[in-house]
Amino acid sequence: MVPALLKWIGNKQRFAETIISYMPETFNNYYEPFLGSGAVLAELLHMDATRLFPHFQHAYGSDILPFLIDIFEITKEKPDTLVRYYQKEITEYYQNPENKYTEIQARFNQKHNAYDFCLLSRTCYSGVIRFRKADGYMSTPRGPHKPIQPETFEKRIEQWHDLLQKATFSCQNFVEAMNYPQQGDVVYCDPPYTHSQSIIYGAQGFEIETLWIKIAECKNRGAKVILSINGMKDSKKTDISITPPEGLFERKLLVNCGTSMIDRLQNNGKEMKNKNVDDQLLLTW
Ligand SMILES: C[S@@+](CC[C@H](N)C(=O)[O-])C[C@H]1O[C@@H](n2cnc3c(N)ncnc32)[C@H](O)[C@@H]1O
């Protein structure tokens, strides 16, 4: 399993292998239009996509957050700059976490940039990236944990740098990004969860109806689409899923995700029984 570059709530790191196991036996290009921390894309490249999928050509990752996409670009093209930045800033953070967090957050909110965004993801509360609705201010408080050591971060950057050579990144709305997949390509969509994530990731504008249209277009062009979406919670008692248009998907699978991170945060400290979340994987073929 590829160690996480960013601390990111709702990341698919632990399920990446399972998700990949449901991909078609052969495909050309891989598209991930809701990239987030890039856990599935990185795992696919780590598992050596060219060996697993003989026709594999290239991976394309995109997301609506420009400073997130820049982190992947920097890791691919000039990893040393990020390693040095992390080393300096996190060493200072260890001395005085509260003040340093306030400083990083203020700097990021003044001028959105990948370097400070990377630090925020590593230091904020549980990797919850929350932007204030009114003005887009990144408002997550500091987390109580100790962010990973600069040496550990450096090793991860080195590993990701190697993996990302077979990937291309762009800052795009999914509406645009999903125009590109063609016959023989695979698209993996992990959009913001409709029931609980509308305030995080700055995703207030996300409309599931538009996603149905874009998935149908990909399918009509001959691309295969996998969608992760809310499944059941309360150990299969409450259906928190949304209903896709009839006939869009051919198969529906449930992937157990353990306790939802968001529920865990909302139930701070309270015991949680029967709170497993199953993610639905919907496949268009
Ligand atoms: C659930 S996260 C993806 C998590 C990812 N699978 C991982 O393992 O880290 C959803 C992502 O969708 C992005 N997003 C939200 N609205 C979007 C849009 N309209 N177009 C493209 N990306 C969007 C968010 O910025 C966020 O990174």
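The values are calculated or read from the model by the stated rules, or taken from the named source; none is laboratory data. In this text, all values refer to a predicted model and were calculated from it rather than measured experimentally. Every residue, glycine as well, gets a Cβ built from its backbone with ideal geometry; the counts of neighbours run over all protein chains shown.
In table form, for the structure just shown:
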{"item": "Of the criteria (1) modelled with pLDDT under 95; (2) over 20 Å from the mean Cα position of the chain (by Cα); (3) surrounded by 19 or more Cβ atoms within 10 Å (Cβ to Cβ), which one Asp279 fails", "result": "(2)"}
{"item": "Residues located in region 140-175, provided they are assigned to a loop (DSSP other than H, G, I, E, B), away from the ligand (no atom under 14 Å from the Cβ), buried (at least 16 other Cβ atoms within 10 Å of the Cβ) and not β-branched (Val, Ile, Thr)", "result": "Gly143, Pro147"}
{"item": "Check on Asp116, in a helix (DSSP H, G or I) and of a type in the set (Asp, Glu)", "result": "yes"}
{"item": "Boolean, Arg122 is within 16 Å of the chain's Cα centre (by Cα), closer than 27 Å to Val40 by Cβ, at pLDDT 95 or above and assigned to a helix (DSSP H, G or I)", "result": "yes"}
{"item": "Filtered residues of region 145-176 (kept if over 13 Å from Leu35 (Cα atoms) and in contact with a His (Cβ under 9 Å, 6 or more places away or on another chain))", "result": "Gln159, Leu163, Lys166"}
{"item": "Criterion: in the same structural domain as Thr18 (by TED's automatic domain parsing), more than 20 Å from Asp63 (Cα to Cα), touching a Gly at 6+ places or on another chain (Cβ under 9 Å) and at pLDDT 85 or above - qualifying residue of Leu254, Leu248", "result": "Leu254"}
{"item": "Sole exception among (1) free of Cβ contacts under 8 Å to residues at least 12 places away in the same chain; (2) more than 26 Å from Gly10 (Cβ to Cβ); (3) assigned to a loop (DSSP other than H, G, I, E, B) for Asp135, by number", "result": "(2)"}
{"item": "Single residue of Gly127, Gly136 found to be surrounded by 14 or more Cβ atoms within 10 Å (Cβ to Cβ) and either over 27 Å from Leu227 (Cα atoms) or within 16 Å of the ligand (Cβ to nearest atom) (or both)", "result": "Gly127"}
{"item": "Where a residue in region 55-74 is farther than 20 Å from Glu207 by Cβ and its partner, wherever it lies, is basic (Lys, Arg), with Cβ under 9 Å and at least six apart", "result": "Phe56/Lys166; Gln57/Lys166; His58/Lys166; Ala59/Lys166"}
{"item": "Test result for Thr50, of a type in the set (S, T, N, Q) and at pLDDT below 95", "result": "yes"}
